[in-house]
Every structure is written in structure tokens, then in C-alpha cells.
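Notes for the one structure printed next.
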Amino acid sequence: MIKDRVVTLSATILLLCIVMSFLFPSQFPTVDNFSQIMLNLSIDTIVAVGMMLLMISGVFDLSVGSIVAFSGGLAGYLMYYHDVNFLVAIVAALSGSLLIGFINGFLITKIGINPMIQTLAMMGVVRGLSLMLSGAGIQNFPYEYNYIGQVKILSLQSPIWYMFAIVLIFSYLFKNIAFFRRYYFIGSNEKAAHLSGIEVEKMKLWGFVIVGLLAGIAGILLSSRLGAALSTSGKGLELRVITAVILGGASLAGGQGKIVGAFLGAAFMGIVGNILILTRVSGYWQEIILGIILILAVGIDQLIQKKK
Amino acid sequence: MNSIKALLFKLFFIVLLSACEAPPRTGGSGNNLHSTEIITVDTVSANEEYVMITTAINMPMYVNHDQAAFKMWAKKMGVKASILGPSEWDIPAQIATFEQVIPQKPAGFLVNGTDPGIAQVINKAVDAGIPTVVYDSDIPGARQHSFIGSDWYEMGRLQGERMVKILNGKGKVVVMGILGMTNMEAGFQGFLDVIKKYPAMEFIGKYDDKANVELAAKITADLIVAHPDLAGVAGFDGNSGPGIALSVKEANKIGKVKITTVDAEPEHLQLVKEGVIDYLVGQKRELFTQMGAQMLFDMRHKTIAFSKNDAKAGVVPIPKKIITGSIEIDKSNVDLFIK
């Protein structure tokens, strides 16, 4: 039981919540606080689902944060400067994000560029594009666009619902659809997967396309939630998301992880972040603490694996 | 059976639609005080907490000026000062921090006006009845109770005027800072509006040093190679000046490439004294947070009241906007600023 990261992480989160509820009874266990935590982790989780898919297959994408900024920036640019209908702008932004994912996947699988180098380079290229599109920030979007990220359903703001929907859909796909389950084979033993007839290159390419699309969706949700396209959006998101995914049970070697683990990893980080704010821990310490938590989580996992 | 399914399906959607709460149609900049009762108290308590929401929380300029003045003010007043925000320049993270503190209803918010994207969360705090002051740069679309800070366009204009003066109205110039930041873009514009009045001044371009000394130095070095007749560089973030100065020194171009920049940290002052930097335009940052916090305190404690109930009457009992002005430093007065 203890070896399942989903179970241990869920138990840790539960324990953390119980302790905090006793320590801060009027501040922590409130609907306002929890909906805020969920809202803040929704964007990271949506991207983390895509990152989990990639990491199961043994690769990762460093350009996701830049794609988040690009997607919101392109939609904002089209709506604000060219009076494009908000739906057309969204389609264009998502198509652009897909294209970036496709270019990443194509250059990695067909040309053979190392995924870290390729996505690192793409991170810079796309961040530059976002800066060109968003400039000093774009505001005054159509009401309908802002509605997408600001409407509340049952008192929860829409990005939370999108997050749950995406986690549920991908959990279902990974459990029931052979195409997605093949990512585990690829991550566990790429050569064996190839010999057994799995189109490894094609599957990996699709992985980058999917993560590009999810980052694009996250970008649309973030910009509509903020009512602004910011060139700094998604900065550092790639590392947060990789941290969340590793906390959630993925391995840099591939072949491991569950979609719900991506959500739990992001939720754990969101709750720890919230606790640090509630306890007024300075920003200096926040990254140190999150770094230590990651080392502990992965270190303990390694010890358990060795004992096995 | 199918009709029951269809009915249930319709019911589900009706419930879903009725559970939807649409965002307000206007994010407007109007005064919303009629609908917002500010939480006020008569006695000062040590638990009375004023929260500064910023970003890049460890930036030396913020630590040494904004945060130091805020902490000193809190100590003097016997209240609690908390400083929250991400360690990197990360606006969504600043917003996320802000949103998580609003439900805790602190005595007041002192918000670093970093980007127009924070307007909505500022309005959220105002709507929650929490006194809110924005400092440094004004935020379009935000309904904060007061703004205190610099006029970045004016800071750019001042740099432009000085650059024209020291170059006798001719030569190639560039600007450097963080591209995309609203306040810096306003500064660039102020600089350019002056430069374009002088036909013999040639503007080469805007460069992004990402508030990084090494990058500012590298860009300047490349510019000196590409334009051996480069006459002047204007910096707009705290690290632009030291980076530009480093390259100008290394290229033995002191005095040949003129430098104007923002901020007046000890390293900037030393470079002015050495004659590497020609002109500094500094901000009165201590005033932002010290006066800003005092305004929050005055609102909460109704220090000055203009009616029986200012909130109901739609009166904000503090100044709507304070521009603190700039500090101009060159070789003639630099010694007065060196501690």
C-alpha cells in the first residue's frame, strides 16, 4: 500500500489539512480558502496532466510555460488589435499551441534532437513570441472571453471545473484506451515497445502535440481568468509542473505515474504554498521549502524502492 | 424511458445554469465605495496586520527601500507588517498570493503596482472592504483607494532631456530595461518623445536586459561593437545602469558613451562619482510604502472623517493619487547621497 504514491500523497495531503485545520481553524478550513487553493493550482494541474503523459513515456517538455503565455497572448492580440471574434481567437491560439507541440515532437522524433535541448530552445523562442504579442500586457477583452475563466459554477470558478474534467478524461483514457496505455510500454522499455510493433516515434510526437494543446488551454484559461494577457504568464511553470508530476509518482526514467498523481502533486504543492502564505513565511523560504519537500519525497521513494 | 432520460438531462442543465454565477460585465474604474463598507476600528492592536503584496521579493531595491520603510513604519505604529509574494518576477504568482490573503481580511493591503494584470484582484480586495493602496506604478482599471508612486513617463522624459543635453542634441542612443513591463514601456516612451524632437539624435532600439547585470553588460558590449559611434545608453531597471557601466568601462569608452539610468543604489552612486554614469533619476521609494501604509492606517482608524460615514457617503478619506516625484543625481550632487 505504502508503495503507491497516489495513496501516500493522498494521506499526506489529508494529514496536512487536518493539522492546519487545528492550527488555523478560522482561516484554513474555509470554502473561500479551498476554492482559492484549487483555483490557483488549476492551471498547473492542466499542464501537469500533459507533462505526466510525456514523463510516462520518458521525456519532458520545458516549453510549456512559454506556450501558456503564447496562447493567451495570441488570443489577446487577435481580439484586441484585430477585433477578431473571441471563438476564432481561441481556435487560433490553440492551433498555434498545437503547432508548437508538433514542431517540438517532429524535431525530437524525426531529426533526433535531444528533448531537453529542443524544448529549452523552444521555451526561449516562444517566450520571445509572447513578448512580441503581449508587449506591456493586453487587457479589455470581450466579456464573453473573460466569462470563460471567470464564471462560477456552484461557487467554484470555471478553471477548477476544467481541471477536474481534464484529469477525469485523461484518467479514463489511460485506464481504458490502448493508445494511451502504450506510453507505459514506451517509457519502460522503448526498444521492446518498438519491437512489439508500437510506433514509438509517432506516439512521442503525439505526446508533444497533446502537451502543447493542454498548455494552450491553460493559457486561454489563465488569460481569461486574469482578464489580461501577460508576457510573464507561465514563467517557471515548467519546473513547478515537473516537480508536481515527480511528487505525483512519475519517474525521470519513464514508465511510471498516474494522471491522478499529477493532480495530487499539484494539489500538495498548492496546499504547501497556501500554508506558507497563511503562516506568513517569507518568499525567500518558500522555494527552499518546496525544494526540500521534493528531495524528501523522491529520496523516500528511492529508499522504499531499494527495500523492495 | 427515453423521455425520462431526456427530462433528467434537461433538469441537470437547468440546475447547472442556475448554479452559474457570471462575472460582472464591467471591470470599470469607477468608485465602488457606495457598495463597500470599509472595516474600521478605534483601537490599535499589535495583531493589526498590514500586508505588502509584491513580486521579486528579494530584489535589493525592494528590500532596502520599500520593505525597510514599511517595517520601520509598522514598528513605530505598533502594528504587524507582513511582506508576501514570489521570489521571482512572477505576476500570476503575485496574484495567486494576493487572492489567498484576501479571505483573511487583513487591516490593509499595500500592493506593488507591477502589471495591469493585477487590476482584478485589487478590485476584489476593495470589494471585500479592505483598505487598499497601490504603490510604485498605477494600474489601469484598478479601483484601489489610493495610488502613490512615480510617473514613469516623466522619468523617461527626464532621462531623454538630460541625454540630449550631454550629447548636444546629436548621436546614436539606445534604451535598455525589461521589455513588456508597463512602467518601463511608459519610461521608454517618455525618453523617445524627447529624442524624436531632435533630428540629429538617432534612436537605435529597445533592448531587454531582463533586470540582469550580466545581460545588460553583454548587450552593451555587442552594441558598442555593432555601433562604434554609439553615443548614449539609457537604463530603466535597477540592474541596467551597473551592467551598461561595466561594458563601457571594459571597452574604455568612459565619457564617450554617455549613460543615464534609473535608481540610486550605492553602486549607481559610486559609478556617478567615478564619472562612468552621467545621470541618475531615482525614485522616492521609502515614501511609497511609509505614506502608503499610513494612508491604510488612517482609513482603518478613520483618522480624518469628512462625513458621518465616509464609506456610505462615497468619500475616500485619503488622497486618490500621490506622485512623489523624482530625485535627480549627477556628479555635482552625488556626494550628498553617498552614505
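Values in this text are rule-based calculations from the coordinates and carry no lab data. Quick caveat: nothing in here was measured; it's all calculated off a predicted structure. So basically every Cβ, Gly included, is an ideal-geometry build from the backbone, and we count neighbours across all protein chains shown.
With the contact rule set at Cα under 8 Å and sequence spacing of 6 or more, what percent relative contact order holds for chain A?
The value is 34 percent.
Rg/Rh for segment B:84-159 to two decimals, with Rh computed the Kirkwood way over all alpha-carbon pairs.
Reported Rg/Rh (Cα atoms, Kirkwood Rh): 1.00.
With θ set to phi - 60° and the Karplus curve 6.51 cos²θ - 1.76 cosθ + 1.60, what are the ³J(HN,Hα) couplings of segment B:125-132 in order, to the nearest whole Hz, using x for Gly and Pro?
Whole-Hz 3J(HN,Hα) from phi for segment B:125-132: 5, 5, 5, 7, x, 9, x, 9.
Could you work out how far apart the two model spin labels at B:Asn64 and A:Ser155 are, taking each label as a point 7 Å from the Cα in the direction of the beta carbon, and quote it in nm?
Each label point lies 7 Å from its Cα, and together they span 4.8 nm.
Relative to the first principal axis of the alpha-carbon coordinates of chain B, what is the inclination of helix B:152-166, with its axis defined by its Cα atoms, in degrees from 0 to 90 and to the nearest 10?
The answer is roughly 0 degrees.
Please give the FRET efficiency for A:Ile113 paired with A:Glu144, using the beta carbon to beta carbon distance and R0 = 45 Å, rounded to the nearest 0.05.
Once the sixth-power term is evaluated, E becomes 0.65.
Shape verdict for segment B:152-283, please, from the Cα gyration tensor: rounded (a/c under 1.5), prolate (a/b greater than b/c) or oblate.
Verdict is rounded for segment B:152-283.
For a test of the definition: using alpha carbon positions, the gyration tensor, and the 1.5 limit on a/c, classify chain A as rounded, prolate or oblate.
Oblate, since a/c reaches 1.5 and b/c is not below a/b.
What percent antiparallel are the DSSP beta bridges of segment B:71-164, to the nearest 5?
0 percent
For chain B, take the longest principal axis of its alpha carbons; what is the angle in degrees between that and the long axis of helix B:68-77, to the nearest 10 within 0 to 90?
50 degrees
So how strong a dipole does segment B:239-328 carry about its Cα centre when Lys and Arg Cβ are +1 and Asp and Glu Cβ are -1, to the nearest 20 debye?
480 debye
Can you list the lysines whose alpha carbon is less than 28 Å from that of B:Lys308, not counting same-chain residues fewer than 8 positions off?
Within the straight-line cut-off, B:Lys308 pairs with B:Lys105, B:Lys124, B:Lys320, B:Lys321.
Could you compute the FRET efficiency for B:Asn333 and B:His301, with r as their C-beta to C-beta distance and R0 at 45 Å, rounded to 0.05?
The pair B:Asn333/B:His301 has a calculated efficiency of 0.70.
If a/c stays under 1.5 just call it rounded; otherwise compare a/b with b/c (prolate if a/b is bigger, oblate if not). Do that for the protein assembly as shown, with a ≥ b ≥ c from the square roots of the Cα gyration tensor eigenvalues.
oblate
Which value at 222 nm does the protein assembly as shown reach when only helices count, each DSSP H run of 4 or more adding -39,500 (n - 2.57), with the total divided by all residues and rounded to the nearest 500 deg cm²/dmol?
Dividing the helical sum by the residues of the protein assembly as shown leaves -18500 deg cm²/dmol.
With each pseudo-label sitting 7 Å past Cα toward Cβ, what's the A:Val272-B:Met77 distance in nm, one decimal?
3.4 nm
Between A:Glu287 and A:Ile169, what length in nm is gained on full extension when 0.36 nm per residue of separation is reduced by their alpha carbon distance?
In short, 39.3 nm is gained.
Can you compute the charge dipole magnitude of segment A:5-307 about its Cα centre, using +1 on each Lys and Arg Cβ and -1 on each Asp and Glu Cβ, nothing else charged? Give it in debye, rounded to the nearest 20.
In debye, rounded to 20, segment A:5-307 gives about 600.
Could you tell me which of B:Val272, B:Leu215, B:Gly255 has its Cα farthest along the dipole of segment B:152-283 towards the positive end, charges placed at Cβ (Lys, Arg +1; Asp, Glu -1), taken about the Cα centre?
Projecting each Cα onto the dipole axis, the largest value belongs to B:Gly255.
Karplus couplings for segment B:274-280 from phi (6.51 cos²θ - 1.76 cosθ + 1.60, θ = phi - 60°), rounded to Hz, Gly and Pro as x?
After applying 6.51 cos²θ - 1.76 cosθ + 1.60, I find 6, x, 7, 9, 8, 7, 10 Hz.
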